[in-house]
Number of protein chains: 2
Amino acid sequence: MDPKAKKIVAEYKKAGARIETKSRVKLKTKEDIALWYTPGVGAASNHLAAHPEDARLMSVKRNSIAVISDGSAVLGLGNIGPYGALPVMEGKALIFREMAGVDAWPIVLDTQDPDRIVETVLAIAPSFGGINLEDIKAPQCFQIEKLLIEKLNIPVMHDDQHGTAIIVLAALINATKVVGKTMKKLRVVISGAGAAGTATAKLLRAAGISDIIVLDRGGALYAGREDMNIDKQELAVITNPRSEVGDLMHVLEGADVFIGLSGPGLLTAEHIGRMAPDSIIFALSNPVPEIMPDEAKKGGAAVIGTGRSDFPNQINNALVFPGIFRGALDKGVTKITEETKLRAAKALAALVLKPTANKIIPDIFDKRVVPAVAKAVR
Amino acid sequence: MDPKAKKIVAEYKKAGARIETKSRVKLKTKEDIALWYTPGVGAASNHLAAHPEDARLMSVKRNSIAVISDGSAVLGLGNIGPYGALPVMEGKALIFREMAGVDAWPIVLDTQDPDRIVETVLAIAPSFGGINLEDIKAPQCFQIEKLLIEKLNIPVMHDDQHGTAIIVLAALINATKVVGKTMKKLRVVISGAGAAGTATAKLLRAAGISDIIVLDRGGALYAGREDMNIDKQELAVITNPRSEVGDLMHVLEGADVFIGLSGPGLLTAEHIGRMAPDSIIFALSNPVPEIMPDEAKKGGAAVIGTGRSDFPNQINNALVFPGIFRGALDKGVTKITEETKLRAAKALAALVLKPTANKIIPDIFDKRVVPAVAKAVR
């Protein structure tokens, strides 16, 4: 292990855990026990048995989110299983607590079978106010999320899909202003047809962008291409209007925007050079982007975003998920709609009053972020 | 709803929830984010993917217990489902936090199918350091607990069974001292062949008491009685050495101890009058005991315990479960054995230096309780 990673692991061991539970009531006297435990709890139980809807008012369900992963597609690390995924889920629970006052609990699953994942989440749902799915591989994630949204009356969001799509759209709105182009006329190339790439393509379409080409390892998705699963077939039908065939180098010709949601080092300055002038590059592979910002600039990129904190424009869904669930919990919203996602992206973009090449999205510590996103949920 | 229950519900609504999450690390700067979220979390994830056993050292698994119920047998309320059970599970999470510094999270299940319960708990187990099953009806609870203990490498305990059995044994050890009798010679009658009655009978046997008769609604269990499920058949074989047949009034003749784990108001002074002199009465049905203490005294009872806080000798498993899991988490103990339960009961009893008729078990706020029980786990 490299020394930096070793040091981080040592810090995690020193911390023990990053979140814990805390009492919200006092438990110091026999009277406290009688009220908050036995026998008082019997009255609360009786009430909720008759009025389950009041669980939102008088139990942890009021403010709690399960952050759930099977560890099949951990960002940048791949299929590393539940224990590998646990630190990420716990980190999200920490972000939920610190940024939005949400009680999130990490739950990693000892199964990667989509049916068992759905059954498990359905079974544990009553105690939670929402379900944040995370780091579940495509295409399984699509069906899992769809079934859970259908069957549950609490909000369910696969953050790799929609958190990413929302923050990318927010960043794109402002980057487009910086280069003086028009959103609806943009030509967009998305590298990566996984969870994030698919959801981003769909949300950009919902935002009015019609010229989007999505690529997987086999090149551009186009209607009729063989070797595509059902989700890619559907995506191919609603994208790639000119039915372009070919690799990244080919489809980038004349494109205004590159969005990398795939893997490290796919792009060179030469790729960027083929794009239209004032190109926008979001190289979101983490920790190593599809192209480093210096190299992208060399190719002529006008606005560059990455997933990293050590470059300008960190495009991070930590700006999104706390506010989405904060809003849903506060308002009892049970479905996160496409309209909500569009409003959230616009609200995030609007927080940057004068976008520049180095400032297209708000800072993660900007106190306006969570309220603005939460307000978009309705 | 009676005014008192109404007032309690209002208090619960005012509190919103009784537990929440709390950060254990600081998240104030970009450096904090880089360490505790992205990209730092990648090193922790990589490490745990290779060394899942270290989840006990550097994640919530270190100190967390899932408090799980299907709401099929909520104490005193019956089968009231997951939302009815939620306040009890949340109350236990509160007790875990306050008494033993354990991070417990309530999880109520939208299923009462034993196979689905087992599958669900197996699936979510990786994020937890232990599983506290609660308020699951008999006989399903026996098989569910057995399978989970077999298949998981974290401690699993159905508290209605073993928490109750341990505290009853602890109380009985001291009550026996008060009346000057000998444990092994006691004649014990247990009313209730559910989760608590069954586990209590087994633990008392393990403690050396051989003369135990267990009754269900159909009267005494005896080997060969028809109308008994497999669990009761097994229990009948190891109890009732004289093969007594009959009802409570009959089997109480000459008994030293009555343990009520059944329902309110089953016993009268007349029942007690048939027992041996200096009888011990644990009337644990809650909130209404099998017999009220005054009535039991009238019948000649020498030591009386109930589940209530408004009488002496509150026999409450809140004295047990926090310490059992505190000990298991601290020592990495993965099975709660019969030996552990015996040691825990003896340790609890030993905390009362001079037992009297009104003081056979320690107070719930006695700071020695959790360490003493935890020490018994090894």
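The values are calculated or read from the model by the stated rules, or taken from the named source; none is laboratory data. Keep in mind that this is a model prediction, so the values were computed, not measured. Positions of Cβ are backbone-derived with ideal geometry, glycine not excepted, and every protein chain shown enters the neighbour counts. For accessibility, only protein heavy atoms count, side chains too; no ligands or nucleic acids. Shrake-Rupley method; radii C 1.70, N 1.55, O 1.52, S 1.80 Å.
Residue under question is B:Thr268, and the condition is that it be under 22 Å from the mean Cα position of the chain (by Cα) and of a type in the set (S, T, N, Q); does it hold? For B:Thr268, the condition - under 22 Å from the mean Cα position of the chain (by Cα) and of a type in the set (S, T, N, Q) - is not met.
Summed over segment B:249-261, the residues that are closer than 23 Å to B:Met183 by Cβ and either more than 24 Å from the chain's Cα centre (by Cα) or modelled with pLDDT under 95 (or both) give a count of 5.
The set of residues from segment B:104-125 being facing chain A (nearest Cβ under 7 Å) and outside any helix (DSSP H, G or I) comprises B:Ala104, B:Trp105, B:Pro106, B:Ile107, B:Val108, B:Leu109, B:Asp110, B:Thr111.
Tally the residues that are over 21 Å from A:Glu290 (Cα atoms) and not in a strand (DSSP E or B), restricting the search to segment A:183-232. Residues flagged as over 21 Å from A:Glu290 (Cα atoms) and not in a strand (DSSP E or B) within segment A:183-232 amount to 22.
Determine whether A:Asp110 is open to solvent by 30 Å² or more (accessible area, probe 1.4 Å) and farther than 29 Å from A:Gly327 by Cα. Yes. From (1) more than 7 Å from chain A (Cβ to nearest Cβ); (2) assigned to a helix (DSSP H, G or I); (3) under 30 Å from B:Leu261 (Cα atoms); (4) of a type outside the set (Gly, Ala, Ser), pick out the condition that doesn't hold for B:Pro82. Unmet for B:Pro82, out of (1) more than 7 Å from chain A (Cβ to nearest Cβ); (2) assigned to a helix (DSSP H, G or I); (3) under 30 Å from B:Leu261 (Cα atoms); (4) of a type outside the set (Gly, Ala, Ser): (1). Checked against (1) open to solvent by less than 10 Å² (accessible area, probe 1.4 Å); (2) more than 7 Å from chain B (Cβ to nearest Cβ); (3) of a type in the set (D, E, K, R), A:Glu90 passes all but a single condition, namely (2).
Please indicate, with yes or no, whether at least one residue in segment A:160-167 is in a loop (DSSP other than H, G, I, E, B), closer than 23 Å to A:Ile315 by Cβ and within 13 Å of the chain's Cα centre (by Cα).
The answer is no; no qualifying residue exists.
Scanning segment B:274-284 for any residue that is under 25 Å from the mean Cα position of the chain (by Cα) and at positive phi turns up nothing. Could you grab the pairs with beta carbons closer than 8 Å, sequence gap of 6+ or different chains, first residue in segment A:67-80 and of a type in the set (Ser, Thr, Tyr), second one modelled with pLDDT under 95? Sorted first by the residue in segment A:67-80, then by its partner, the list stays empty. Scanning segment B:8-30 for residues that are facing chain A (nearest Cβ under 7 Å), open to solvent by less than 60 Å² (accessible area, probe 1.4 Å), closer than 28 Å to A:Pro82 by Cα and in a helix (DSSP H, G or I) turns up nothing. Scanning segment A:177-200 for residues that are touching a strand residue (DSSP E or B) at 6+ places or on another chain (Cβ under 7 Å) and either surrounded by fewer than 24 Cβ atoms within 10 Å (Cβ to Cβ) or hydrophobic (A, V, I, L, M, F, W, C) (or both) returns A:Val178, A:Val179, A:Leu186, A:Arg187, A:Val188, A:Val189, A:Ile190, A:Ala193, A:Ala195.
Among the criteria (1) surrounded by fewer than 16 Cβ atoms within 10 Å (Cβ to Cβ); (2) in contact with a Gly (Cβ under 8 Å, 6 or more places away or on another chain); (3) under 20 Å from B:Asn286 (Cβ atoms), the one B:Asp227 does not fulfil is (3). Can you confirm whether B:Ile154 is hydrophobic (A, V, I, L, M, F, W, C), over 30 Å from B:Leu353 (Cα atoms) and more than 11 Å from chain A (Cβ to nearest Cβ)? Taking the combined requirement at face value, the residue satisfies it. Evaluating A:Asn132 against the criteria (1) surrounded by fewer than 24 Cβ atoms within 10 Å (Cβ to Cβ); (2) touching a residue at least 60 places away in the same chain (Cβ under 8 Å); (3) of a type outside the set (A, V, I, L, M, F, W, C) leaves one unmet condition, (1).
Of B:Asp330, B:Asp310, all but one fail to be at pLDDT below 95 and of a type in the set (D, E, K, R); the exception is B:Asp310. B:Asp70 meets all of the listed conditions (1) charged (D, E, K, R); (2) crowded, with 24+ Cβ neighbours inside 10 Å; (3) facing chain A (nearest Cβ under 7 Å); (4) more than 16 Å from B:Phe128 (Cβ to Cβ) but one, namely (3). When the residues of segment B:43-62 are filtered to those that are out of contact with any Gly (no Cβ under 6 Å at 6 or more places or on another chain) and open to solvent by less than 40 Å² (accessible area, probe 1.4 Å), the one that is farthest from the other protein chains (Cβ to nearest Cβ) is B:Asp54.
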